[in-house]
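In what follows, a structure is listed as structure tokens, so that the remarks can point back to it.
The values are calculated or read from the model by the stated rules, or taken from the named source; none is laboratory data. Given the structure is predicted, the values throughout are model-derived calculations rather than measurements. Because the Cβ atoms are built from the backbone with ideal geometry, glycine has one as well, and the counts that use them run over all protein chains shown.
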Amino acid sequence: MKGAFRLRSFHAIINFLGSSLDDEPEYQVEKDPRTPPILRNENPDATMALLVTDSSLPNTDLSIRSHGKYYAVNNQESHTRWNRNAFQMLYLLFQMTVTGLPHTNVPGITIAK
């Protein structure tokens, strides 16, 4: 057998998640009637729920400060496992996009500040 996966670019995935924070929030979409029954907590509305606050949040697994705001994966609601798994998948996709530079006989260039 032979096959291939075609994934969105990592940049497109990050843009999608960023847009869902404010510009284009995600919403519930009813399942196709052909889909077998699933539990509601196994299929939340958001791909990955993120928290955005003005101050650091206690009890978060991981947070980052950028442009005066704090961002964290939401681990404070019913979809904690879903959000953590989505973050782990995002991390794995990032690792797959990182490639080593080819070693050629080109001299390295350093730009000092």
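Observations on the structure shown:
- Looking only at residues in the stretch 1-26 that are under 17 Å from residue 74 (Cα atoms), in contact with a helix residue (DSSP H, G or I) (Cβ under 9 Å, 6 or more places away or on another chain) and not in a loop (DSSP other than H, G, I, E, B), the one that is modelled with the highest pLDDT is 17.
- Of the residues making up the stretch 28-60, those that are free of Cβ contacts under 8 Å to residues at least 24 places away in the same chain and in contact with a strand residue (DSSP E or B) (Cβ under 9 Å, 6 or more places away or on another chain) are 53, 54, 55, 56, 57, 60.
- Scope the stretch 73-83; condition more than 11 Å from the chain's Cα centre (by Cα) and either at pLDDT 90 or above or within 20 Å of residue 10 (Cα to Cα) (or both); matching residues: 82
- Scanning the stretch 27-44 for residues that are farther than 21 Å from residue 91 by Cα, assigned to a loop (DSSP other than H, G, I, E, B) and of a type outside the set (Phe, Trp, Tyr) yields 28, 29, 30, 31, 32, 33, 34, 35, 36, 37, 38, 39.
- Taken over the stretch 46-77, the residue count meeting the criterion of being exposed (fewer than 11 other Cβ atoms within 10 Å of the Cβ) and either in a loop (DSSP other than H, G, I, E, B) or touching a Pro at 6+ places or on another chain (Cβ under 7 Å) (or both) is 8.
- Candidates are the residues of the stretch 48-71 that are under 22 Å from residue 26 (Cβ atoms) and of a type in the set (D, E, K, R); the one that is modelled with the lowest pLDDT is 61.
- Test: residue in the stretch 84-94 that is assigned to a loop (DSSP other than H, G, I, E, B) and either at pLDDT below 85 or touching a helix residue (DSSP H, G or I) at 6+ places or on another chain (Cβ under 6 Å) (or both): no
- Extreme residue, farthest from residue 20 (Cα to Cα), among residues of the stretch 32-71 that are in contact with a helix residue (DSSP H, G or I) (Cβ under 9 Å, 6 or more places away or on another chain) and of a type in the set (S, T, N, Q): 41
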